[in-house]
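All remarks here apply to the structure that follows.
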Amino acid sequence: MNTPKPVFVTSAIPYVNAEPHLGHALELVQSDALARYQRLLGRDVHFTSGTDDNSLKNVRAAARARTTPTELVARYGAEFRRLAETLHVAHDDFIHTASDGRHAPAVHALWKRCADNGDVYKKVYRGLYCVGCESFLRESELVAGGCATHTEPLELLEEENWFFRLSRYAEPLLAAIEGERLRILPQERKNEVCQFIRRGLEDFSISRSRARANGWGVSVPGDETQIVYVWFDALANYVSVLGFPNGEKFDRYWQAPGERWHVIGKDILRFHAVYWPAVLLSAGLALPTSLRVHGLITSQRKKLGKSLGNAVDPFRLVARYGVDPVRYYLLAHLHTTKDSDFREDLLRTAYGSELAGKLGNLLQRVCALCDRYEVPIITTDLDATLLETAERTRAAVAQAIDDFALHDALRAIFELIAAANRHVDSTAPWQLAQRANDTSSGPAQRKAAQVALQRALSSDVHALTVSAELLAPFLPGTARAIRARLEPKPHLGVPLFPPLSPG
Ligand SMILES: [Zn+2]
């Protein structure tokens, strides 16, 4: 007897020094689709996200905005939560790391476990720090004397900090990753991590002086002069949200046999694939079972920044096109794990030709035919080819979820929808109905036409039902609307995707 194991799904917690942009929307809907799919399978799912409040970037943004970090993270934190709600992302929990009472005790407990294991020590460190990365950079990582990703000048810092003995963990990390106890998807990201580890791991600083942190963040246990390093703090959210070090939830979703998936962007891979599992190994805790690493959204091949971010404000897109069309575009038209350029014209095209033109049209046609000919829908003796296509689609979606290739899942579902549209054309129910009512032919022929009509329409309804079921994790509102249209019997209604106004 196989009881389904629990699945814990997280997205990363973004630092909240500005309005959320489309990149945040992408990660939210990807992780939501994964969590919803697991729920559909009947698994015990816990899905969380939150905000990284304790970042130094937030302190600086607050200073620029002439406000306090507390006020700044509360204001933007609420915007990130509103984005999740706007996108119909169904979290089970959401943690704001500065204000949530569960967080600091968990950071302390994690720290103490690493310290008890002999992995935390103090030393003077001098190095170049990138505030964009919230990380010291090695000489070998510098590009023209600066950070490869960020434009802000690096800061030369020298202070006495607490360090984590990362150098101890190269072997066990490689063993976990290569043996797929910690699975990293896609393969190229796994290779990247393994190469990084093989080059050797250096201990890293896990605290900073209270002065440099402007007093913002969680104090180091037993050392009030130091604040816990933002990454050590932020990564701990994955267990603080479960109530670590205590609690039924922590045992059930982290320590017990089950799956723990982190959905992250490729820009924070190293923190999740190296630092975080090393800390967990040191603390004697279970590792995540997989990292699902998505690509980044670009605009004209440039990284989405604040200026470009405004142009692709996710709230504006949802107001303009609706929730599911935006989810559809993000999940179907952006490659799940490679960088993709955002193009609003392609969103419009996808809306018109795929959502309205293929899915909406299939639903309208089938419902109109069922309304007109009033045949009772049957569930046996359906068209074998269409049935088989539906089952193949179900398997393709399962595979795509496992591969973290969500665009492949949606492509497969839309192939089923296309097959159903072709089935309507080829069976021509209007001709079958004509023959069924043709008094010039014999009763046997009329009966045969009637049976064929019932079979054709029932097969179409079946394809729509399976499409709705498979679409549910990706386009939950649309799936619900399709089911409502098919029950108790198929009936006409307003189009799911009405024509867009121009502009
Ligand atoms: Zn940087």
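Computed from backbone phi with θ = phi - 60° and the Karplus coefficients 6.51, -1.76 and 1.60, the 3J(HN,Hα) list for the range 187-201 is 3, 5, 6, 4, 4, 4, 5, 4, 4, 4, 5, 5, 6, x, 10 Hz; x is used for glycine and proline.
Principal axis extents of the C-alpha atoms in the range 385-440 (largest first, rounded to whole Å): 57, 16, 10. Residue-wise HN-Hα couplings along the range 109-117, as the Karplus relation 6.51 cos²θ - 1.76 cosθ + 1.60 with θ = phi - 60° gives them from phi, are 5, 5, 4, 5, 5, 5, 5, 4, 8 Hz; Gly and Pro carry x. Once divided by 2.2 N^0.38 Å, the Cα radius of gyration of the range 10-87 becomes 1.25. Radius of gyration (Cα atoms) of the range 153-275, expressed as a multiple of 2.2 N^0.38 Å: 1.20. Centre-to-centre separation between the Cα atoms of the range 362-391 and those of the range 436-503: 5 Å. Within the range 91-237, the proportion of Cα pairs with more than 23 Å between them is 46 percent. Cross-link partners of Lys122 among lysines, defined as those whose alpha carbon lies under 23 angstrom from its own and excluding same-chain residues fewer than eight positions apart: Lys112. The three principal axes of the C-alpha atoms in the chain carry coordinate ranges of 99, 56, 39 Å, sorted with the longest axis first. With distances taken between every two different alpha-carbon atoms, the range 211-254 has a Kirkwood hydrodynamic radius of 11.7 Å. Listed as lacking a disulfide-compatible partner in the chain: Cys114, Cys194, Cys367, Cys370, by the criterion of no other cysteine Cβ under 4.7 Å. Just so you know, the Cα atoms of the range 195-340 work out to an Rg and Dmax of 19.0, 53 Å. Of the peptides 120-132, 366-378, the order by per-residue mean of other Cβ atoms within 10 Å, starting with the highest, comes out as 366-378, 120-132. The long axis of helix 361-373 is offset from the longest Cα principal axis of the chain by roughly 30 degrees.
For the range 101-107, 3J(HN,Hα) computed residue by residue from phi via the Karplus equation (6.51, -1.76, 1.60; θ = phi - 60°) reads x, 7, 6, 4, x, 5, 4 Hz, glycine and proline entered as x.
Here's how it looks for Phe8: its modeled amide H is under 5 Å from those of His46, Glu259, Arg260, Trp261, which are all 5 or more places away or on a different chain. Annotation: amide H-H contacts under 5 Å for Ser299 (H modelled 1.01 Å from N, sequence separation of 5 or more, or interchain): Leu304, Phe342.
Whole-percent P(r), the range 345-429, all Cα pairs, 5 Å bins from 0: 3, 13, 18, 22, 19, 14, 7, 3, 1. Scanning residues 5 or more positions from Thr51 or on other chains, those with amide H under 5 Å from its amide H are Ile95, His96, Thr97, with H placed 1.01 Å from N in the peptide plane. For the set Lys447/Lys489; Lys266/Lys338; Lys190/Lys303, the pairs lying more than 19 angstrom apart at their alpha carbons are Lys447/Lys489; Lys190/Lys303.
Can you tell me the 0 to 90 degree angle between the C-alpha axis of helix 476-486 and the longest principal axis of the chain, rounded to 10? That works out to roughly 20 degrees. For the range 357-409, the fraction of 1.4 Å probe accessible surface lying on carbon and sulfur atoms is 50 percent. Going by a ≥ b ≥ c, the root eigenvalues of the Cα gyration tensor, does the range 347-387 fall in the rounded group (a/c under 1.5), the prolate group (a/b larger than b/c) or the oblate group? In terms of gyration-tensor shape, oblate.
Between helix 384-403 and the chain there is an angle of about 0 degrees, using the helix long axis and the longest principal axis of the Cα atoms. Here, P(r) means the percent of Cα pairs in each 5 Å bin from 0 to the largest distance; for the range 1-135 it is 2, 9, 15, 16, 17, 16, 12, 8, 4, 2, 1, 0, 0.
Shown for the range 55-111: the carbon plus sulfur share of the solvent-accessible area, taken with all protein chains present and a 1.4 angstrom probe, equals 53%. Average accessible surface for the range 424-486: 43 Å² per residue, computed with a 1.4 Å probe over protein heavy atoms with every protein chain in place.
Helix content alone sets the calculated 222 nm mean residue ellipticity of the chain: runs of n ≥ 4 DSSP H residues at -39500 (n - 2.57) each, divided across all residues, give -14000 deg cm²/dmol.
The values are calculated or read from the model by the stated rules, or taken from the named source; none is laboratory data. Note that the structure is predicted; figures quoted are calculated from it, not measured. Cβ: placed from backbone, ideal geometry, glycine included. Neighbour counts: every protein chain shown. To get the accessible areas, we keep the full protein, side chains included, count just its heavy atoms, and leave off ligands, DNA and RNA. Shrake-Rupley method; radii C 1.70, N 1.55, O 1.52, S 1.80 Å.
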